[in-house]
1. Could you rank the peptides 215-227, 318-330, 94-106 by their average count of other C-beta atoms within 10 Å per residue, with the highest value first?
2. Counting Lys and Arg as +1 and Asp and Glu as -1, what is the net charge of the other residues whose Cβ lies under 12 Å from the Cβ of THR112?
3. Over 29 Å between Cα atoms, which of LYS220/LYS304; LYS151/LYS184; LYS154/LYS184; LYS167/LYS329; LYS153/LYS329 qualify?
4. What does the charge count around LYS167 come to, taking other residues whose C-beta lies under 13 Å from its C-beta (Lys +1, Arg +1, Asp -1, Glu -1)?
5. Each label point is 7 Å from the Cα along the Cα-to-Cβ direction; what then is the distance between the points at VAL336 and VAL189, in nm?
6. Tell me which of GLN277, LEU64, VAL186 sits at the most positive position along the dipole axis of the chain, charges placed on C-beta atoms (Lys, Arg +1; Asp, Glu -1).
7. So for the pair GLU96, PHE157, with labels modelled 7 Å out along Cα→Cβ, what separation do we get in nm?
8. Calculate how steeply helix 3-16 sits against the longest principal axis of the alpha-carbon atoms of the chain, using the helix alpha-carbon long axis, and give the answer as 0 to 90 degrees to the nearest 10.
Amino acid sequence: MKTRNLIALLVVAVFSGLSIQSFAQEESVEPFLGMWALTIDYDNSNAGWLEVRQEKGYLDADLLWRGGSVNPVGYTLITDDNLLLVQGRDVVKKREGKPDRTLHPLQWFEVTMEGENRLEGVATFPNRNGVGVEMVSFTGKRIPPVGEVPKLKKSMFGDPVKLFSGKDLAGWELAEKGAVSGWKAVDGVMVNDPVQKQGEAHIRYGNLRTTATFEDFNLKLEVNVPRGSNSGVYLRGIYEVQVMDSYGKELDSHNMGGLYSRITPSEAAEKPAGEWQKMDITLYKRYLTVTLNGKTIIDNQPIKGVTGGALTSDEFSPGPILLQGDHGKVSYRNIVLTPVVK
């Protein structure tokens, strides 16, 4: 694929006011449609996700690149039987504290099909000073549809497993090499306190994960979030159920109990900061149910893909329970997992 030709095509379309879609009318769209699990060529945080769809004659895409949220792609093009995703945003440059100029740097992702259910790509990120780029390769594997809504029966659950003894952190370990642990067991409570010292170098605190892995299960726990703090419960290490002080805020997928940037709670069920809250979470066949403080806020909803910060983009292998510990102070207790026995 010739990047210069593709970018030139984009620039011509933008500045001439022509429809971007008109350039792709004769190209083959079908092979790229659907959802893709991305593996990115980084040493860590290498999971991503892509969905390409065609609606009402327009081609659109959503992209998750490592951390953060799922975001819509600015421009999605098919040309020469290849896919080009282009992102851009306004950046205001300042001089002496005052706005000097507004730039619109672009990032682009060039993707080719490598078989029916596999793709390869290269992402290009221009440096902030406008000189040079960072190029990162990635691969993608097609994600099959989630299927029909599953039905669980009580007889399908095994014996409960107590993941935290209340005495120590046996059965848990840091998820990141070289990170500092802010976790400890205190009076039956698992406490994370990532203290940063003013005027000193930033300390990189780690997330805590179980040494054991799980497939489908029900997870019950209690959590206490101080004012302004933030954590998360990762199911199989890939799906983050948000834990944060969001009391009094409008409904959002980034609020307490939501599936981060993917599924918004049906109602606000969180308590004020500093109070113990109960979470009851069931993950079964890529469907999620979340009950917060006795109210079901996500009711057997399908999960389209991993969330930001996932340990892997693989949705079909067992994984750990991971508690986010690099954001703020948080406490957990009474963590019990009951596996689904098939």
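1. Ranked by mean Cβ neighbours within 10 Å, highest first: 318-330, 215-227, 94-106.
2. -4
3. Those over the limit are LYS151/LYS184; LYS154/LYS184; LYS153/LYS329.
4. With Lys, Arg at +1 and Asp, Glu at -1, the net is +1.
5. The answer from the label model is 2.0 nm.
6. Among GLN277, LEU64, VAL186, the one farthest towards the positive end of the dipole of the chain is VAL186.
7. 6.8
8. The helix 3-16 is inclined about 80 degrees to the chain.
Readers should treat all values here as calculations from the given coordinates under stated rules, not as data from a laboratory. Worth saying up front: this structure is predicted, and the values here are computed from it rather than measured. Using ideal geometry, Cβ is built from the backbone for each residue, glycine included, and neighbour counts are taken over all protein chains shown.
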